[in-house]
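*Asks:* Handing you this structure, nothing more for now.
The values are calculated or read from the model by the stated rules, or taken from the named source; none is laboratory data. All values reported here derive from a predicted model rather than from experimental measurement. In this analysis, Cβ positions are derived from the backbone assuming ideal geometry, glycine residues included, and neighbour counts consider all displayed protein chains.
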Ligand SMILES: *[C@@H]1O[C@H](CO)[C@@H](O)[C@H](O)[C@H]1NC(C)=O
(Lines give C-alpha, C1' and ligand atoms only; values in the text may rest on other atoms or scores of the structure.)
Protein backbone atom coordinates (compact mmCIF):
# COMPACT_ATOMS: atom_id res chain seq x y z
CA UNK A 1 0.00 0.00 0.00
CA UNK A 2 1.37 3.36 -1.03
CA UNK A 3 -0.37 5.37 1.65
CA UNK A 4 -1.81 4.46 5.02
CA UNK A 5 -2.81 7.87 6.28
CA UNK A 6 -6.44 7.98 7.26
CA UNK A 7 -8.41 10.92 6.03
CA UNK A 8 -11.96 11.71 6.92
CA UNK A 9 -14.95 13.50 5.53
CA UNK A 10 -18.44 14.19 6.88
CA UNK A 11 -21.21 15.19 4.46
CA UNK A 12 -23.91 17.37 5.98
CA UNK A 13 -27.42 18.47 5.01
CA UNK A 14 -30.58 19.51 6.86
CA UNK A 15 -32.15 16.11 7.56
CA UNK A 16 -29.47 13.59 6.56
CA UNK A 17 -31.97 11.68 4.42
CA UNK A 18 -31.67 13.41 1.01
CA UNK A 19 -28.40 14.91 -0.25
CA UNK A 20 -25.84 13.94 2.40
CA UNK A 21 -26.37 10.14 2.42
CA UNK A 22 -26.16 10.24 -1.40
CA UNK A 23 -22.87 12.15 -1.21
CA UNK A 24 -21.59 9.70 1.40
CA UNK A 25 -22.49 6.66 -0.73
CA UNK A 26 -21.07 8.18 -3.92
CA UNK A 27 -17.79 9.04 -2.21
CA UNK A 28 -17.53 5.60 -0.60
CA UNK A 29 -18.06 3.98 -4.00
CA UNK A 30 -15.29 6.14 -5.51
CA UNK A 31 -12.67 5.26 -2.91
CA UNK A 32 -13.74 1.61 -2.90
CA UNK A 33 -13.30 1.44 -6.69
CA UNK A 34 -9.82 2.94 -6.30
CA UNK A 35 -8.94 0.46 -3.54
CA UNK A 36 -8.29 3.21 -1.03
CA UNK A 37 -11.32 2.79 1.22
CA UNK A 38 -9.07 1.71 4.11
CA UNK A 39 -7.58 5.19 4.05
CA UNK A 40 -10.88 6.92 4.53
CA UNK A 41 -13.42 7.44 7.26
CA UNK A 42 -16.68 8.56 5.62
CA UNK A 43 -19.98 9.52 7.21
CA UNK A 44 -22.92 11.90 6.90
CA UNK A 45 -25.05 13.81 9.38
CA UNK A 46 -27.89 16.31 9.83
CA UNK A 47 -27.88 19.87 11.09
CA UNK A 48 -31.44 19.30 12.38
CA UNK A 49 -33.20 16.69 14.49
CA UNK A 50 -36.14 16.25 12.06
CA UNK A 51 -35.30 12.82 10.64
CA UNK A 52 -33.11 11.21 13.32
CA UNK A 53 -33.10 7.42 13.05
CA UNK A 54 -34.69 7.40 9.60
CA UNK A 55 -33.29 5.72 6.48
CA UNK A 56 -32.50 7.78 3.34
CA UNK A 57 -35.49 9.10 1.36
CA UNK A 58 -36.99 6.31 -0.79
CA UNK A 59 -36.49 8.39 -3.96
CA UNK A 60 -32.79 8.71 -3.18
CA UNK A 61 -32.64 4.97 -2.52
CA UNK A 62 -34.25 4.29 -5.92
CA UNK A 63 -31.79 6.64 -7.61
CA UNK A 64 -28.78 4.93 -6.06
CA UNK A 65 -30.14 1.49 -6.88
CA UNK A 66 -30.49 2.59 -10.49
CA UNK A 67 -26.82 3.61 -10.52
CA UNK A 68 -25.70 0.44 -8.72
CA UNK A 69 -24.35 2.26 -5.69
CA UNK A 70 -24.87 0.71 -2.25
CA UNK A 71 -26.35 3.09 0.32
CA UNK A 72 -27.24 2.27 3.87
CA UNK A 73 -27.44 4.97 6.47
CA UNK A 74 -29.41 5.93 9.54
CA UNK A 75 -29.89 9.66 9.99
CA UNK A 76 -27.98 11.17 12.87
CA UNK A 77 -27.27 14.71 14.00
CA UNK A 78 -23.87 16.36 13.90
CA UNK A 79 -22.07 16.09 17.26
CA UNK A 80 -19.45 18.31 18.92
CA UNK A 81 -16.88 15.57 18.39
CA UNK A 82 -17.43 15.65 14.63
CA UNK A 83 -15.74 19.05 14.45
CA UNK A 84 -12.62 17.62 16.02
CA UNK A 85 -12.52 14.17 14.44
CA UNK A 86 -13.20 14.91 10.77
CA UNK A 87 -10.75 16.60 8.40
CA UNK A 88 -13.51 17.92 6.18
CA UNK A 89 -17.13 18.80 6.77
CA UNK A 90 -18.81 19.32 3.41
CA UNK A 91 -22.22 21.02 3.34
CA UNK A 92 -24.89 21.03 0.64
CA UNK A 93 -26.30 24.56 0.85
CA UNK A 94 -25.59 27.89 2.47
CA UNK A 95 -27.99 27.29 5.31
CA UNK A 96 -26.08 24.10 6.26
CA UNK A 97 -22.82 26.03 5.98
CA UNK A 98 -24.06 28.83 8.26
CA UNK A 99 -25.30 26.29 10.84
CA UNK A 100 -22.02 24.41 10.83
CA UNK A 101 -19.87 27.53 11.05
CA UNK A 102 -21.99 28.75 13.95
CA UNK A 103 -21.75 25.40 15.76
CA UNK A 104 -18.01 25.25 15.14
CA UNK A 105 -17.64 28.45 17.18
CA UNK A 106 -19.30 26.73 20.13
CA UNK A 107 -16.93 23.76 20.31
CA UNK A 108 -13.54 23.70 21.98
CA UNK A 109 -11.62 22.18 19.12
CA UNK A 110 -12.47 22.43 15.47
CA UNK A 111 -10.05 20.62 13.25
CA UNK A 112 -12.44 20.27 10.31
CA UNK A 113 -12.34 22.46 7.28
CA UNK A 114 -15.98 23.42 6.72
CA UNK A 115 -16.95 24.01 3.10
CA UNK A 116 -19.65 23.58 0.51
CA UNK A 117 -19.32 20.32 -1.41
CA UNK A 118 -20.23 22.44 -4.45
CA UNK A 119 -16.94 24.31 -4.07
CA UNK A 120 -15.41 21.34 -5.87
CA UNK A 121 -17.86 21.22 -8.78
CA UNK A 122 -16.01 21.62 -12.10
CA UNK A 123 -19.33 22.91 -13.50
CA UNK A 124 -19.44 25.53 -10.72
CA UNK A 125 -22.90 24.69 -9.39
CA UNK A 126 -22.26 25.81 -5.86
CA UNK A 127 -25.48 24.69 -4.19
CA UNK A 128 -26.78 21.13 -4.04
CA UNK A 129 -30.46 21.90 -3.58
CA UNK A 130 -32.66 19.99 -1.17
CA UNK A 131 -34.78 17.66 -3.38
CA UNK A 132 -37.25 16.83 -0.59
CA UNK A 133 -40.14 18.76 -2.17
CA UNK A 134 -39.05 17.80 -5.67
CA UNK A 135 -39.26 14.63 -7.74
CA UNK A 136 -37.04 11.85 -9.08
CA UNK A 137 -35.35 14.24 -11.52
CA UNK A 138 -34.25 16.40 -8.60
CA UNK A 139 -32.72 13.40 -6.87
CA UNK A 140 -30.94 12.49 -10.10
CA UNK A 141 -29.56 16.05 -10.28
CA UNK A 142 -28.28 15.73 -6.70
CA UNK A 143 -26.63 12.43 -7.62
CA UNK A 144 -24.91 13.94 -10.68
CA UNK A 145 -23.66 16.90 -8.68
CA UNK A 146 -22.35 14.59 -5.95
CA UNK A 147 -20.48 12.48 -8.52
CA UNK A 148 -18.77 15.52 -10.05
CA UNK A 149 -17.93 17.12 -6.72
CA UNK A 150 -16.76 13.94 -4.98
CA UNK A 151 -14.46 13.06 -7.88
CA UNK A 152 -12.92 16.53 -7.83
CA UNK A 153 -12.65 16.53 -4.04
CA UNK A 154 -10.90 13.16 -4.03
CA UNK A 155 -8.55 14.38 -6.75
CA UNK A 156 -7.64 17.41 -4.60
CA UNK A 157 -7.05 15.67 -1.29
CA UNK A 158 -5.71 12.20 -2.06
C1 LIG B 1 -8.37 -2.53 -7.34
O2 LIG B 1 -8.15 -3.88 -7.00
C3 LIG B 1 -8.71 -4.80 -7.96
C4 LIG B 1 -8.56 -6.21 -7.39
O5 LIG B 1 -7.30 -6.40 -6.84
C6 LIG B 1 -8.02 -4.60 -9.31
O7 LIG B 1 -8.56 -5.47 -10.26
C8 LIG B 1 -8.21 -3.14 -9.75
O9 LIG B 1 -7.50 -2.89 -10.94
C10 LIG B 1 -7.76 -2.17 -8.68
N11 LIG B 1 -8.13 -0.82 -9.06
C12 LIG B 1 -7.31 0.21 -8.96
C13 LIG B 1 -7.85 1.53 -9.41
O14 LIG B 1 -6.18 0.14 -8.53
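*Asks:* With the condition kept exactly as written, say whether any residue in the range 97-106 is more than 16 Å from the ligand (Cβ to nearest atom) and within 22 Å of residue 143 (Cα to Cα).
*Replies:* yes
*Asks:* Could you tell me which numbered condition residue 118 fails, if it satisfies all but one of (1) touching a residue at least 24 places away in the same chain (Cβ under 8 Å); (2) surrounded by fewer than 20 Cβ atoms within 10 Å (Cβ to Cβ); (3) under 18 Å from residue 157 (Cβ atoms); (4) out of contact with any strand residue (DSSP E or B) (no Cβ under 8 Å at 6 or more places or on another chain)?
*Replies:* So residue 118 meets the others, but not (2).
*Asks:* If you check every pair at least six apart or on different chains, which have Cβ atoms under 8 Å apart with a residue in the range 22-40 that is outside any helix (DSSP H, G or I) first and a residue that is at pLDDT 95 or above and within 13 Å of the ligand (Cβ to nearest atom) second?
*Replies:* 34/154; 40/31
*Asks:* Further question: What single numbered condition from (1) in a loop (DSSP other than H, G, I, E, B); (2) touching a helix residue (DSSP H, G or I) at 6+ places or on another chain (Cβ under 7 Å); (3) crowded, with 16+ Cβ neighbours inside 10 Å fails to hold for residue 70?
*Replies:* Only one criterion is unmet by residue 70, namely (3).
*Asks:* Something else about it: Would you be able to say whether some residue in the range 57-66 is surrounded by fewer than 19 Cβ atoms within 10 Å (Cβ to Cβ), within 15 Å of residue 11 (Cβ to Cβ) and more than 16 Å from the ligand (Cβ to nearest atom)?
*Replies:* no
*Asks:* Within the range 33-56, count every residue that is within 16 Å of the ligand (Cβ to nearest atom) and under 16 Å from the mean Cα position of the chain (by Cα).
*Replies:* Here is the first cut: in the range 33-56, the ones within 16 Å of the ligand (Cβ to nearest atom) are 33-40.
Next, from what is left, pick out any that are under 16 Å from the mean Cα position of the chain (by Cα): 37, 40.
The qualifying residues number 2.
*Asks:* Then there is this: Can you tell me which residue is farthest from residue 64 (Cα to Cα) among those in the range 130-143 that are without any contact (Cβ under 8 Å) to a residue 40 or more places away in the chain and surrounded by fewer than 16 Cβ atoms within 10 Å (Cβ to Cβ)?
*Replies:* In this case the residue turns out to be 133.
*Asks:* Is at least one residue of the range 4-20 part of a loop (DSSP other than H, G, I, E, B), in contact (Cβ under 8 Å) with a residue 12 or more places away in the chain, touching a strand residue (DSSP E or B) at 6+ places or on another chain (Cβ under 7 Å) and within 21 Å of residue 157 (Cα to Cα)?
*Replies:* Checked the range 4-20: at least one residue is part of a loop (DSSP other than H, G, I, E, B), in contact (Cβ under 8 Å) with a residue 12 or more places away in the chain, touching a strand residue (DSSP E or B) at 6+ places or on another chain (Cβ under 7 Å) and within 21 Å of residue 157 (Cα to Cα).
*Asks:* I need the full set of residues from the range 43-68 which are closer than 15 Å to residue 27 by Cβ and in contact with a strand residue (DSSP E or B) (Cβ under 6 Å, 6 or more places away or on another chain), in order please. Quick ask: steps written out before the conclusion?
*Replies:* Step one: of the range 43-68, the residues closer than 15 Å to residue 27 by Cβ are 43-45, 56, 60, 64, 67.
Scanning the range 43-68 gives 43, 44, 45.
*Asks:* Just to be sure before I move on: is residue 35 crowded, with 22+ Cβ neighbours inside 10 Å and at positive phi in the structure I sent? Full working, then the answer.
*Replies:* Values: crowded, with 22+ Cβ neighbours inside 10 Å: no; at positive phi: yes.
Taking the combined requirement at face value, the residue does not satisfy it.
*Asks:* Right, next: Taking the condition of being more than 13 Å from the chain's Cα centre (by Cα) and free of Cβ contacts under 8 Å to residues at least 60 places away in the same chain, how many residues in the range 73-98 meet it?
*Replies:* Going through the range 73-98 one residue at a time, the tally reaches 8.
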